[in-house]
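Enquirer: Okay, handing you the structure first.
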Amino acid sequence: MYFVALSQGVGARFAKLREPVLEALATKPIPLLALSCVLVALLSIFWVLRTWRKETTLVKPSPKSYPPLPKDAYDVCIVGAGPAGSVTAYFCARAGLRVLLLEKKKFPRQKICGDAVCTLAQDIMERMESATGKGSVLDEILREGKGHPASNGGLVSPAGYSYIGNSVGEGDSGKLARSAVIAIKRIVLDEKLARSAAYAGANLLEEVSVESARFDTGKALWSISGERTGSAPEEASYQARVLVCADGAPSRLAMQLGIVKEAPQGTCSRAYVKAGSHNYAADGTVIYNLNLLPGYMAIFREVNDELNYCCYIIPGNPRVRNDDLSRLHHGFVKEDFYLSRALGPRAELEPMKAGSLRLGGVPRSYADNLLIVGDAAGFIDPLTGEGIHHAMDSGVMAAEVLKEAFKHSDLSARFLSNYQRRWMRAFGYDFKASMRLAQILYRFPILLDAATLCIEKQGDEFLAEWARIMTGQRPKSQLFRPYIMFAMAKELILLVILRTLGLERKPIDDVRKHQ
Ligand SMILES: Cc1cc2nc3c(=O)[nH]c(=O)nc-3n(C[C@H](O)[C@H](O)[C@H](O)COP(=O)(O)OP(=O)(O)OC[C@H]3O[C@@H](n4cnc5c(N)ncnc54)[C@H](O)[C@@H]3O)c2cc1C
C-alpha cells in the first residue's frame, strides 16, 4: 500500500510538471532544446570520464605469502622470443628477476612482416644494450648497415591522388627530426632483440616448442611442457611463478588456457622484391585501393634496394574476406595503377607469404600469475596493421608491472590488472579510435582523397605530421587538431564541389608525376 501511495504521489507531482513543460516547449522550443543538448553532452562526458577512470586507475598491491620457489624454477617464463617476448625478458632480467625465454625456432629466423619499425620501437631499441655490449640494439643495427631509415615517402589515395615527399619533417622544437619508420628485416631485428635479452641475463632456449601450461594454485607455480625440436627431439618441462604468453597473433597458449577466445580478425601478405628489378624510387608508400579499404598496400625500401610489398586485409569491408588475400595480392601487382608502375614489368617478387593480424587488443590480458603481451594480446593497430612498436611497448609495461608485483609479493589477477590499465591508457583508447576511423574511411573514401590533396598543398611538414599519427608516435585524436581539421575540411568541401560539377583534376596525371 505504501508503495502504491508513493507512486501515486510521484505520478501526481509529474502530472503537475507536465503542463508548464508542455507550455515551455510550445513557446520556447529552441532554448529548451539547447538545454537538453547541453545536459546530454555533460552526461556523456561524465560517463566517458568515469569509464576511463575505472579502466585506467592503478590498483594498490596487497601482499600475499607464496610457498618457496623450487631451486630450478624461474620467476618468469616467457613463451615466444619475438619483439614482445624479448623486450619483456630484457627488462624483467634487468629488474633482477630469474627469466626463462623459450622460442620454438632457431635464430636467425624469418617472420612474415612489412619490416617497418616505427619510432616508439626505435626508442625502446635505444634503451636496450646490444649483445656485443657496444651501444644499443638500434645503434648496432644502423652501424652494421642493416636498417634503412625512410626519409622519402607518402601515400596514394583511393581516387589515385598521391603525394611523395620528405616524411621526416623538422621534428619537435629542440629535438632532432627522425624517421617515422626504419626498415629492418625481422630476420635481423628479432635475433638482435633476443640476444640482447640473453645478454641482460635471461636464459634464452631456442628450438623449444611449448605445447601446454598448467597452473598449480596451491604451489602458485606454472608447469610448462613442450618439445625440444632440434636434431634430437625430446620432451621438455619447466617451472615458473609467472607465465608470459608472447607467442604471436594465433595466441595458441592463451586460447588453450581460455583467456583469449577469438581468432585473429585480419591477415596480411608479404613478398620481397629483388633489388634492381623494380622502378621504385622512394622509401615507402602506402597505397589505398578502393577494393581493399579499410586495408591497404604498402611498399617499403629495405637496405640494398630490395623492396618489401605487403597487402593488409583489415576487417570492415563486407566485400573483402581473409580468403581473398592471394587473389588481391597478385591482382594488385598487375592491376593497381600505382603499384604496377612502381614495381615495373621486370620486378622479381618472391612467392607470397602471409600471416594473421590480431587487432585492437583482447578484452583481458592478465590472470593470476599470468600476462599476455604483443600480438598474442591483439596489440596491432586496427587502422594501420602495425604492431612491432606496441608489442615492444607492452613488453616494457609487462616487465614494469611484474617488477612491482614481485617487490610487493602480489601476483594476483587483481594487481596484474595494472598491466591492462597501463596499455589501455598508452594505446588501448587509440585502438578504439583507429577502429572507428577504419570504418569511416571505408564508408567515405573521399576523406582519404581530400587528406592526400591537403598534404600535397600543405607540403612536407604536414606529411611528416600525418606519418607521426599513422605510426603511433602521436594519438589519432591529433587528427582533430584545428589546423589539421580545418585544412582537411576545406579540401573536402572543394573536392565535393569539383566532383559534383565534374571538374575534378585527373588523379592519374598525379601518379605519373611520381614515377
Ligand atoms: C604480413 C605482415 C606484415 C606486417 N607488417 C608490419 C610492419 O611493417 N610494421 C609493424 O610494426 N608491424 C607489422 N606487422 C605486425 C608485426 O609483425 C607484429 O605486430 C609483431 O611481430 C608482434 O610481435 P610479437 O613478439 O608479439 O609476435 P611474433 O613476432 O609473432 O613473435 C612470436 C614468437 O613466438 C614464437 N612462438 C610461437 N609459438 C610458440 C610456442 N608454442 N613455443 C615457443 N615459441 C613460440 C614464434 O616463433 C615467434 O618467435 C605485420 C604483420 C604481418 C602478418
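Enquirer: What length, rounded to one decimal in nm, is gained on full extension from L49 through to R228, with 0.36 nm per residue of separation minus their alpha-carbon distance?
Expert: Result: 59.5 nm gained on full extension.
Enquirer: For a Förster distance of 60 Å, can you work out the FRET efficiency between the beta-carbons of L17 and N304, rounded to the nearest 0.05?
Expert: Taking R0 as 60 Å, the efficiency between L17 and N304 is 0.20.
Enquirer: Still on this model: If I model a spin label at E461 and R436 as a point 7 Å from the Cα along the Cα→Cβ vector, what separation in nanometres do I get?
Expert: Once both label points are built, they end up 2.9 nm from each other.
Enquirer: As an exercise, use a Förster radius of 35 Å and the Cβ-Cβ distance of V38 and R443 to find the FRET efficiency, rounded to the nearest 0.05.
Expert: Approximately 0.75, to the nearest 0.05.
Enquirer: Taking θ = phi - 60°, what integer Hz values does the Karplus form 6.51 cos²θ - 1.76 cosθ + 1.60 yield along the range 458-466, in sequence order, with x for Gly and Pro?
Expert: Per residue, the Karplus-derived 3J(HN,Hα) values read 7, x, 5, 5, 5, 4, 4, 5, 4 Hz.
Enquirer: Below 18 Å, Cα to Cα, which aspartates and glutamates can K71 reach? Residues fewer than 8 away in the same chain don't count.
Expert: Leaving aside aspartates and glutamates fewer than 8 places away in the same chain, those within reach of K71 are D216.
Enquirer: What residues have an amide H closer than 5 Å to that of V117, excluding those fewer than 5 places away on the same chain, when H is modeled at 1.01 Å from N in the peptide plane?
Expert: Residues meeting the criterion, in which the H sits 1.01 Å from N, are I182, A183, I184.
Enquirer: I would also like to ask the following. Can you give me the Kirkwood hydrodynamic radius for the range 266-357, using every pair of distinct Cα atoms, in Å to one decimal?
Expert: Result for the range 266-357, one decimal place: 13.1 Å.
Enquirer: Work out how much length N322 to A24 would gain on full extension: take 0.36 nm times their residue separation and subtract the Cα-Cα distance, in nm to one decimal.
Expert: 101.7 nm
Enquirer: So, one more: Distance check, please: which entries in K261/K334; K274/K506; K60/K134; K219/K403; K104/K407; K104/K476 exceed 27 angstrom between their Cα atoms?
Expert: Beyond 27 Å: K261/K334; K274/K506; K60/K134; K104/K407; K104/K476.
Enquirer: I'd like the distance between the alpha-carbon centres of the range 140-168 and the range 374-404, rounded to an integer number of Å.
Expert: The range 140-168 and the range 374-404 have Cα centres separated by 24 Å.
Enquirer: Report the extension gain between E348 and L69 in nm, rounded to one decimal, defined as 0.36 nm multiplied by the number of residues separating them, less their alpha carbon distance.
Expert: 94.9 nm
Enquirer: Pop out the ³J(HN,Hα) list for the range 486-495 in order, Karplus 6.51 cos²θ - 1.76 cosθ + 1.60 with θ = phi - 60°, rounded to Hz; leave Gly and Pro as x.
Expert: Whole-Hz 3J(HN,Hα) from phi for the range 486-495: 5, 4, 6, 4, 4, 5, 5, 4, 4, 5.
Enquirer: Could you pull out every residue, at least 5 positions away or on a different chain, whose amide H is within less than 5 Å of the one on V156? Hs are placed 1.01 Å off N in the peptide plane, and Pro or chain starts have none.
Expert: Close amide H contacts, sequence-distant or interchain: V286, I287, Y288.
Enquirer: Give the distance, in whole Å, between the Cα centre of the range 190-232 and the Cα centre of the range 463-489.
Expert: Result: 41 Å between the Cα centres.
Enquirer: Below 25 Å, Cα to Cα, which lysines can K105 reach? Residues fewer than 8 away in the same chain don't count.
Expert: By straight Cα distance, K105 reaches K146, K185, K192, K353.
Enquirer: Near the amide H of L101, under 5 Å away, which other amide H atoms are found, from residues 5 or more places off or on another chain, if H is placed in the peptide plane?
Expert: I78, N203, L204, L205
Enquirer: Classify the chain: rounded, prolate or oblate, from the alpha-carbon gyration tensor (a ≥ b ≥ c, eigenvalue square roots; a/c under 1.5 rounded; otherwise prolate if a/b is larger than b/c)?
Expert: Here the chain falls in the oblate category.
Enquirer: Quick one: Karplus J couplings for the range 325-340, per residue in order, coefficients 6.51, -1.76, 1.60, θ = phi - 60°, nearest Hz, x for Gly and Pro?
Expert: 3J(HN,Hα) across the range 325-340, in whole Hz: 4, 4, 4, 5, 3, 6, x, 5, 4, 8, 9, 6, 4, 6, 4, 4.
Enquirer: Rounded to the nearest 500, what is the 222 nm mean residue ellipticity of the chain from helices alone, with -39500 (n - 2.57) per DSSP H run of 4+ residues and division by all residues?
Expert: -13500 deg cm²/dmol
Enquirer: For an R0 of 25 angstrom, estimate the FRET efficiency from the Cβ-Cβ distance between R341 and I493 and round to the nearest 0.05.
Expert: After rounding, the FRET efficiency stands at 0.20.
Any read-out appearing in this document is the output of simple, stated calculations on the displayed coordinates, not a laboratory observation. Nothing here was measured: the structure is a model prediction, and the numbers come from that model. Using ideal geometry, Cβ is built from the backbone for each residue, glycine included, and neighbour counts are taken over all protein chains shown.
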